[in-house]
Amino acid sequence: MKKLVSLLLAVLMVSVLLAVPAGAENYVRLTWVQGTGADAPTDVAMVNEALNVISRERLGVEVDIIYMTGDQVNTSVLAGEVYDMYFTCDWHNDFNTRVFEGVFADITDLLPVVTPALYATLDQEVWDLAKVNGRNYAIPVKKDFYPEVFLMFDQELYARLGMEIPDEMNFLDLEPYLEAYKAEYPDLYPFMRSGSAGGLDGIFNYINRDASIGFPYSAAGTENATTIISLFEDEEMLARFRAMHDWYNKGYINPDAAILDDSSIDLKVNFIKTGQGFFGADAIWSARDQYAIQISKISGPYKSGSGVRGSMNAFNVALDPERLELAMKYQELVNTDLEYRNILRYGIEGVHFIDNGDGTVTRTDEGRNNYAPWAFSQGSYSLSSNEASPFIQVDPNSWDKVFAGYEHAILAADMGFAFDPTPVEMEIAQLTVIREKWMAQIVTGTIDPDEGCAAAIAEMEAAGLRDVIAEAQAQLDAHLASL
Amino acid sequence: MATAKQPPTRKKRFLLDDLELTILSLPTAIWYIAFCYIPMFGVVMAFKNYRVKMGQGFLYSLFVNSDWVGFKNFQFLFRGQDAYLMFRNTLGYNLVFIVLGVLLPVALAILISQMYSQRLAKACQTSMFLPHFLSWVVVSYFVFAFLSMDKGLINQIIRSFGGKSVNFYQESGLWVFLLIFLNVWKSMGYGMVVYLARISGIDTELYEAALIDGASKWQQVKYITLPMLRPIMSIMFILSVGNIFRSDFGLFYQATRNAGALSDVTMTIDVYVFKLLIERSNVNYSSAAGLLQSALGLVTILGANLLVKKIDPDAGLF
């Protein structure tokens, strides 16, 4: 018996060894690191296979899409692991840092030559805003790249209460809606928050998020247009913080907000939410939260480098020229082929989603549970079909309206500036820890913002905030002078 | 000259017993070599400005691509207010933990060893040991269930007596005691088992002789049990002193839910380093901090050993 088992094991091992080279034919296998939250999609292998059928035929390549959280990708890059393509932005796999570390390939000159179709999908203005020191290191995702932040309301509830929800409103005017909700559901919190800003800082143009420095978009056109300050000393932000504190005291905000993370909040509850979005996002949010959501804009759109760099895909600098071209051609496929793009976003037709034939698709339960990766990070978001909603009418061409709305967007005065944090690394490291200490308490209204911000600024100044601002200001001024 | 007088020892030969023991220790040895000794060259990172060179791998990046910067990476530990806070907290809590970590388990071990009902003694021992196996993440949810402002047990009790809810996660003063309590609650059982094992190994004849001489329970403890426990107490003391610059990350980060308002009393060196590594991925600073902790730990452990040997020459660890 023992002999039989060991024989079987031996045969198994040998066959495994043989099987590995036998499976791979002569296709180049590219790797693409995508971002994810704590739960990566489970049906990745199945969807990757469906994607490879198309890419094999078009380009002779196969692609492994690997999902990593922010911490995972940071560690991977530091350890020198080589993947071909990366999702990058300013809050995940930080783009500026990576560029200054020399991790990403410079593709400025290759873009129009190797991938003309991809190059044509975006306006020159977008390519320019995505640049660092005048060079392109990544392909911006064609999406809502000029940030707009929205409030989400339960449509049915406010219709019943007879309260009108305007398309745009001032955040500070939210109070009557909170009050009405609280009267309706005394046991619930109308404005459930977690410790993250959740878009409330959408009026602030970060030069560096870790150090919380930048300038308000509203400064554009004034004499302070390019004066860098801390988020905690911006008057508009303070006004929002004060309102939050007031609402916190009135019981509109959950008292434990500052110590909750996003995943511990049940989004199926119909409280008022915030989020960065765009015209048409109400359909996505309704599908996610399973009730009809009506949205109202509280800020944006703002044209800025940080907006365009909010979601991009870049290439590893270590790739040899042939492989880099192939990877770029692959990205062209992702950004221009509707069928491929829809599989990437929704999964396999008939399993994960159903094509409605009118330019929209409907996710199945299986799709919702087993394959719902970040769609905004995968290349042209606006190319993929819109998700239909059982709750509201979805316009399949909503993106045209989004991009039309950008014509009058305010252009931030940083003009595509990218801050190199290396000279003040130590200071920024300490500012990061201090920000983390104060941000959640202040942004949830848990503490008095006037005291909190003053204390935060005092601690930050002790850690070198003014030096960091001076360094950033000098770099920004040099950048503006060079234009 | 002295060696000549010693009796002849057995010839050193590799016996079957030795083989068995070697094999038995092999997994642990391999584990330590692979995960503790081989990676140790990484301490050079503390003196480098690590810059990754894509496509050349980690070793090339570290040794060729990164510049030496001397002690610059250590500076961040000593800048600003946080430096004072994290050293104060780490040392302060550890001093309390070390004292309580010897006193309480010894007292409890003696009490339990004196229990008449063996069954009750075992039950007590097991229930005190249990928290040792809980992860701090799990504990953090228990703590939250007690302390949450709107749904927490304690606040519900306060409200039912007509009081006003307290936001415990904003009250840093309270957490000083709560953290000490949690640590004692979780580690007490483990230490107690060690001492209990020693107590049950004490020759009962000693107690019988003492009884005949008319010694009371207290006298038995004072003149027999405690002196017999002293070597173990000093070993446990020396070991814990070696970790005085380290802190239980789970306790200070997870159990407090990383609440910003508590950071003045929860910011220990490890928490600070974790925050840096997670947010900024700065491996240079993290390595520098780790190296410093280890070096200071070595100094304190040697110092404590010396001190213990001064008091009782036989009680030292080495």
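Could you grab me the full set of residues in region B:56-74 that are part of a loop (DSSP other than H, G, I, E, B) and either closer than 19 Å to B:TYR285 by Cβ or more than 8 Å from chain A (Cβ to nearest Cβ) (or both)? Quick ask: steps written out before the conclusion?
If we filter region B:56-74 for residues that are part of a loop (DSSP other than H, G, I, E, B), which is where we start, we get B:56, B:66, B:69-71.
Correct list: B:SER66, B:VAL69, B:GLY70, B:PHE71.
Give the residues of region A:198-251 that are of a type in the set (Phe, Trp, Tyr), in contact with a Gly (Cβ under 9 Å, 6 or more places away or on another chain) and touching a residue at least 60 places away in the same chain (Cβ under 8 Å), sorted by residue number. Full working, then the answer.
Keep residues of region A:198-251 that are of a type in the set (Phe, Trp, Tyr), which gives A:204, A:206, A:215, A:217, A:232, A:241, A:247-248.
Restricting the remaining residues to those that are in contact with a Gly (Cβ under 9 Å, 6 or more places away or on another chain) gives A:204, A:206, A:217, A:232, A:241, A:247-248.
Result: A:TYR206, A:TYR217, A:PHE232, A:PHE241, A:TRP247, A:TYR248.
Within region A:305-337, the residues that satisfy the criterion of being within 14 Å of chain B (Cβ to nearest Cβ) and either more than 12 Å from A:LEU30 (Cβ to Cβ) or surrounded by fewer than 22 Cβ atoms within 10 Å (Cβ to Cβ) (or both) are A:ALA314, A:VAL317, A:ALA318, A:LEU319, A:ASP320, A:PRO321, A:ARG323, A:LEU324.
Quick one: would you say B:THR126 is under 27 Å from B:LEU239 (Cα atoms), in contact with an Asp or Glu (Cβ under 9 Å, 6 or more places away or on another chain) and more than 13 Å from chain A (Cβ to nearest Cβ)?
Details: under 27 Å from B:LEU239 (Cα atoms): yes; in contact with an Asp or Glu (Cβ under 9 Å, 6 or more places away or on another chain): no; more than 13 Å from chain A (Cβ to nearest Cβ): yes.
So B:THR126 fails the test.
Take region A:119-138 and flag every residue that is outside any loop (DSSP other than H, G, I, E, B) and in contact with a Leu (Cβ under 7 Å, 6 or more places away or on another chain). Within region A:119-138, just A:TYR119 meets the criteria. Highlighted here are the helices (runs of 4 or more DSSP H) found entirely within region A:1-84 that include at least 2 residues which are modelled with pLDDT under 95 and under 31 Å from the mean Cα position of the chain (by Cα): A:44-59, A:70-78. Within the option set A:ALA462, A:ALA472, A:ALA456, A:ALA440, being surrounded by fewer than 17 Cβ atoms within 10 Å (Cβ to Cβ) and of a type in the set (A, V, I, L, M, F, W, C) holds for one residue only, A:ALA462. Scanning region A:432-446 for residues that are over 10 Å from A:PHE241 (Cα atoms), more than 7 Å from chain B (Cβ to nearest Cβ) and not hydrophobic (A, V, I, L, M, F, W, C) yields a single hit, A:ARG435. Is one or more of the residues making up region A:223-232 within 14 Å of chain B (Cβ to nearest Cβ) and assigned to a helix (DSSP H, G or I)? Checking region A:223-232: at least one residue is within 14 Å of chain B (Cβ to nearest Cβ) and assigned to a helix (DSSP H, G or I). Restricting attention to region A:407-431 and to residues that are buried (at least 22 other Cβ atoms within 10 Å of the Cβ) and acidic (Asp, Glu), the residue that is farthest from the other protein chains (Cβ to nearest Cβ) turns out to be A:ASP414. Restricting attention to region B:234-260, the residues that are assigned to a helix (DSSP H, G or I) and at pLDDT 90 or above total 6. Quick check on region B:192-207. Is at least one of its residues charged (D, E, K, R), farther than 17 Å from B:ILE112 by Cα, assigned to a helix (DSSP H, G or I) and free of Cβ contacts under 8 Å to residues at least 60 places away in the same chain? Yes - at least one qualifying residue is present in region B:192-207. Among the residues of region A:242-263, which ones are in contact with a Ser or Thr (Cβ under 7 Å, 6 or more places away or on another chain) and surrounded by fewer than 18 Cβ atoms within 10 Å (Cβ to Cβ)? Correct list: A:ASP261, A:ASP262.
The residue of region B:8-45 that is farthest from B:ALA288 (Cα to Cα), among those that are within 14 Å of chain A (Cβ to nearest Cβ) and surrounded by 11 or more Cβ atoms within 10 Å (Cβ to Cβ), is B:GLY42.
For the structure I just gave you, tell me whether B:ASP248 is of a type in the set (Asp, Glu) and over 18 Å from the mean Cα position of the chain (by Cα). Lay out the reasoning, then the answer.
On the way: of a type in the set (Asp, Glu): yes; over 18 Å from the mean Cα position of the chain (by Cα): no.
In short, no.
Of the conditions (1) away from chain B (no Cβ under 14 Å); (2) modelled with pLDDT under 90; (3) farther than 21 Å from A:TYR340 by Cβ, A:GLU387 satisfies every one except a single condition; which number is it? The failed condition is (3).
The values are calculated or read from the model by the stated rules, or taken from the named source; none is laboratory data. Worth saying up front: this structure is predicted, and the values here are computed from it rather than measured. A quick note on method: Cβ atoms are made from the backbone with ideal geometry, for glycine too, and the neighbour counts reach across all protein chains shown.
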